[in-house]
Amino acid sequence: MKVKMILPALTEAKSPFWRPIKYSLFPPLGLATLASYLDETDDIIVQDEHVETLELNDVPDLVVIQVYITSAYRAYQIADHYRAKGIYVCLGGLHVTSLPEEAAPYADTIFTGPGEDIWPAFLRDFKAKQPKKRYDSKTRTLLDLPFPRRDLIKRNLYLVPNSIVVSRGCPHVCDFCYKEAFFAGGKSFYTLATDRALAEIDSLPGKHLYFLDDHLFGNPHFAGNLFDGMTGMGRLWQAAGTVQSALRPGLLEKAVTSGLRSLFVGFETLSPTNLAQQHKYQNLNRDYAAVIKRLHDLGVMVNASFVFGMDDDDDSIFERTVEWAIKQGIETATFHILTPYPGTALHQRMQAEGRITNSNWDLYDTRHTVFRPNRLTAENLEAGYWRAYREFYRWDSIIQSSQAHKGMADQLRHIAYAGGWKKFEPL
Ligand code: SF4
């Protein structure tokens, strides 16, 4: 069987440079994982439109398209193209899961939720010539998960080819988080067996790893065992974790011993009112400055994530946040405009309040305002977002921020790392 797996590029036209940089960081591991369930004799091609031109003149037996919200229109276009040739098309992914009724007309079969249970079921049905129109994931497990078919990934096209995922979801439930939409209707946090995760790590070439898990530290028992197992492997790695997990005694030390060098931390907002409204309780009453100090004392660089536009934010939020981040010596920061993704509690609330102002999915990229903010205008929110990036990544800000570190070596490392990101982030 000839199978074509496609990750379409987002369709937003305004920013031709931003797209390739941001999305050519990581290869499409999800598709490579689905590919691992196919037979060895199947002829499989994985194409990622962010890094290569799609070959659309082919005639596979089956086309599988992973759909993100910002690539939805392009995904539907590609689906139409193949279906017009009589080829069987499957659509799955986050956007299909949150809006299955929208996606269904463009597909022969749609998938909602993670694919580990429903994709093999579909393959059995497809081979028996009895595929269903829709498969909804209910049984969430990573037991028996095969290794992703990394041989199908063009490693040289990616800035971070050594990415890996050893869990699914997150134990927390924040109102704005898209993961809730994806895991609704079943378990929303589960991990690989530790030995299986270690075996996959061991199979990867090179020294550097990037864990793409939503919250690598979400199950402290699993994470502790994983870090113990990784100790001595000689890896250097980055991941995402929460404020709470960074403060947990012992776990962070194990992570550092096993090679953690940079952590993406969702601080999100400096306002407790915002945190409470978004049900991000795990950040409430935490000493953010202590989190950063603890990470820095252990030699871990911080990539801090902030969201602008929550209901307690006014026009002073941008300067206050940037000033605070610089004072703490944060190496890199990622700013976002609050985005009410369909399927989230935030979207439900905003819709009920009549505050959704735009349903053009191309603009749901955390850089556009698609709702009516509470204490800001939409224009001020976007202007403040861009200003925050500019201010944070100014050279004098970087140098000022580096002074928060004690030793000269750490200050120079800060300048080199933040300066490197300075080139990319404003784009
Ligand atoms: S902690 Fe992060 S990943 Fe988990 S639900 Fe909240 S925003 Fe999502």
In a shell of Cβ-Cβ distance under 12 Å around Tyr288, excluding Tyr288 itself, what net charge do Lys and Arg (+1) and Asp and Glu (-1) give? +2
Rg (one decimal) and Dmax (whole number) from the Cα set of region 250-294, in Å, equal 12.7, 37
Rounded, prolate or oblate, given the Cα gyration tensor of region 87-130, with a/c below 1.5 counting as rounded? oblate
Too long for a 19 Å Cα-Cα cut-off, among Lys2/Lys127; Lys132/Lys179; Lys133/Lys187; Lys138/Lys179; Lys179/Lys280; Lys207/Lys422, are Lys132/Lys179; Lys133/Lys187; Lys207/Lys422
Can you give the longest stretch of the chain with no exposed loop site, where a site means GluC sites (Glu not before Pro) in a DSSP loop (not H, G, I, E or B) with at most 16 other C-beta atoms within 10 Å? 56-352
Please give me the summed charge of the neighbours of Phe189: other residues whose Cβ is under 13 Å from its Cβ, Lys and Arg +1, Asp and Glu -1. +1
C-alpha long axis of helix 378-392 to longest principal axis of the chain, angle in °: 70 degrees
Per 5 angstrom bin, beginning at 0 and ending with the bin that holds the maximum distance, the Cα pairs of region 151-239 fall in percents of 3, 13, 22, 23, 16, 14, 8, 2
Calculated from backbone phi, Karplus (6.51, -1.76, 1.60) coupling profile of region 236-241 in Hz, x at Gly/Pro: 10, 9, 10, 6, 10, x
Looking at region 162-424, what % of its DSSP beta bridges pair antiparallel, to the nearest 5? 15 percent
Quick one: angle between helix 288-297 and the longest Cα principal axis of the chain, in degrees between 0 and 90, rounded to 10, please. 90 degrees
Stokes-Einstein diffusion coefficient of region 72-160, Kirkwood radius over Cα pairs, 4 °C, 1.567 mPa s, in µm²/s: 89 µm²/s
Are there cysteines in the chain with no second cysteine's Cβ under 4.7 Å away, and if so, which? Cys90, Cys170
For region 194-211, in order, what is each residue's ³J(HN,Hα) by Karplus, 6.51 cos²θ - 1.76 cosθ + 1.60 with θ = phi - 60°, in whole Hz (x at glycine and Pro)? 4, 4, 5, 5, 5, 5, 5, 4, 4, 7, 7, x, x, 9, 8, 10, 10, 7
Please list, in order, the residues from region 391-421 whose amide nitrogen is less than 16 Å from a point placed 7 Å along the Cα→Cβ vector of Leu159. 393, 416-421
Quick check: the angle from helix 118-127's long axis to the longest principal axis of the chain, C-alpha only, nearest 10 degrees? 20 degrees
Hey, what do the phi angles of region 40-46 turn into as Karplus ³J(HN,Hα) couplings, whole Hz, using 6.51/-1.76/1.60 and θ = phi - 60°, x for Gly and Pro? 4, 7, 6, 9, 10, 10, 10
Project the alpha carbons of the chain onto their principal axes and report the range along each, largest first, in whole Å. 64, 53, 36
Residues whose built amide H sits under 5 Å from the amide H of Phe308, excluding neighbours closer than 5 in sequence, are His336, Ile337, Leu338
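Read the figures in this text as sums done on the coordinates, not as results from a lab. Since this is a predicted model, take the numbers as computed values, not measurements. Here Cβ is always computed from backbone atoms with ideal geometry, including for glycine, and neighbour counts include all displayed protein chains.
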